[in-house]
Amino acid sequence: KHILNAQVAIRAPCCKLWFDCSECHAEVQAHRLAKTMEMAFLCKKCKKAFRKDMSAYEESDEYCPHCDNHYVLEAKTPHAVVGVEGEDARVDARMLKDERVKQIHKQSVFMADDDDFADRLE
């Protein structure tokens, strides 16, 4: 919900529940998230749990030990966007072109073309 590309769930040490991020914990729980140096993770790819000691965290610890899934990624967070999806209007203006046909409403007999009544006079 907050992080769209979360690769692992993190077990909160205070309530022993799994969350994608600290904001998810704050929405559901009334207490603050307890901090710890040993964290428990659950890989969303292989569905296996593992622990990491955060005091001795290295670059090789960014991967799941079971399936080698890289779980330390730059977080993609949702944000509202208002706009038109498509190509650049300067390149392809088909999306902006109004293809509706304008209807001509004839108000009286005197504004009509002679061709419209030619078949009726015969």
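Quick one: which residue in ASP68, ASP115, ASP53 is modelled with pLDDT of 85 or more and open to solvent by 100 Å² or more (accessible area, probe 1.4 Å)? Break it down into steps so the answer makes sense when it comes.
On the way: ASP115 fails: modelled with pLDDT of 85 or more; ASP53 fails: open to solvent by 100 Å² or more (accessible area, probe 1.4 Å).
The match here is ASP68.
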Qualifying residue in segment 12-21 (condition: open to solvent by 90 Å² or more (accessible area, probe 1.4 Å), at pLDDT below 85 and not basic (Lys, Arg)): no
Evaluation of VAL101 against (1) loosely packed, with under 11 Cβ neighbours inside 10 Å; (2) within 28 Å of the chain's Cα centre (by Cα); (3) modelled with pLDDT of 65 or more; (4) aliphatic (A, V, I, L, M) (one fails), failing number: (2)
Selected residue (criterion: least open to solvent (accessible area, probe 1.4 Å)) from residues of segment 27-48 that are small (Gly, Ala, Ser) and without any contact (Cβ under 8 Å) to a residue 24 or more places away in the chain: ALA34
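The values are calculated or read from the model by the stated rules, or taken from the named source; none is laboratory data. Values in this document were obtained by computation on a predicted structure and should not be read as measured data. Neighbour counts run over all protein chains shown; Cβ positions are idealised from the backbone, glycine included. Just the protein is used for accessible areas: all its heavy atoms, side chains included, with ligands, DNA and RNA removed. Shrake-Rupley method; radii C 1.70, N 1.55, O 1.52, S 1.80 Å.
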